[in-house]
Each structure stands twice: as structure tokens, then as C-alpha cells.
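Readers should treat all values here as calculations from the given coordinates under stated rules, not as data from a laboratory. Quick caveat: nothing in here was measured; it's all calculated off a predicted structure. Virtual Cβ from ideal backbone geometry, glycine too; neighbours counted across all protein chains shown.
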Amino acid sequence: MASLVYWYAECTDDSDVYSIIGKTKKEVKAQLAERGERGFGPIERKVFQYRDAYDMFSWTTSEGGGRGCGMTTNVVA
């Protein structure tokens, strides 16, 4: 199984598609500074495991998928 790890700040006042994601916490912090922190939740480290590209596609496009899919491994303010 492969794992995808990413950083996420949930958009709290609109759709999840406007949530901020990044490969690093630093990227998400920079986007929050640029867009303003109001309307976003705390920065979270997310991870999900998948078997292959189709499994990942199925997971991320399902009803429970989206920018915040996967398991939160820690919350960093």
C-alpha cells in the first residue's frame, strides 16, 4: 500500500473545494497568510493509504472524499 501525506486547512465558511492544501505545512501557512486566516480551520496533517491510482481516484472522488479526505494524524495551529 502507498500513502499520501498532505497538509490541510478546512474552509469553514464555504465549500470544501476552497480548503487549502499543500505538500508542506509551510505552503499552507503561506496560502493562509495570502488569503487571510479568517474562514479556515487549523492546519492538519492528513494521510490516506491506497492500493493503486484507481483506488486513490475512487477514494478522493467519493462522497466522503474531497480535499479533506484521509485520516488526520495531528492538528497544528
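Can you give the log10 of the normalised intensity I(q)/I(0) at q = 0.11, 0.17, 0.19, 0.26 Å⁻¹, computed with Debye over equal Cα scatterers of the chain?
Ignoring solvent entirely, the Cα scatterers give -0.27, -0.63, -0.77, -1.23.
Taking the Cα centre of the chain as origin, sum charge times position over the Cβ atoms of Lys and Arg (+1) and Asp and Glu (-1), and report the length of that vector in debye to the nearest 20.
Charge dipole, the chain, about its Cα centre: 380 debye, nearest 20.
May I ask which residue of G65, V17, A33 lies farthest towards the positive end of the charge dipole of the chain, with charges of +1 (Lys, Arg) and -1 (Asp, Glu) on Cβ and the Cα centre as origin?
So the residue we want is A33.
At R51 and M1, where each label point lies 7 Å from the Cα along Cα→Cβ, what is the point-to-point distance in nanometres?
1.2 nm
Enumerate the aspartates and glutamates that K46 could reach by cross-link, defined here as Cα to Cα under 18 Å, with residues fewer than 8 away along the same chain left out.
Answer for K46, where 18 Å is the Cα cut-off: E10, D16, E27, D55, E63, listed by chain and number.
Please express the shape of segment 1-45 as an equivalent ellipsoid: the semi-axes are the square roots of 5 times the eigenvalues of the C-alpha gyration tensor, given largest first in whole angstrom.
Numbers: eigenvalues 72, 31, 10 Å².
Semi-axes from the Cα gyration tensor: 19, 12, 7 Å.
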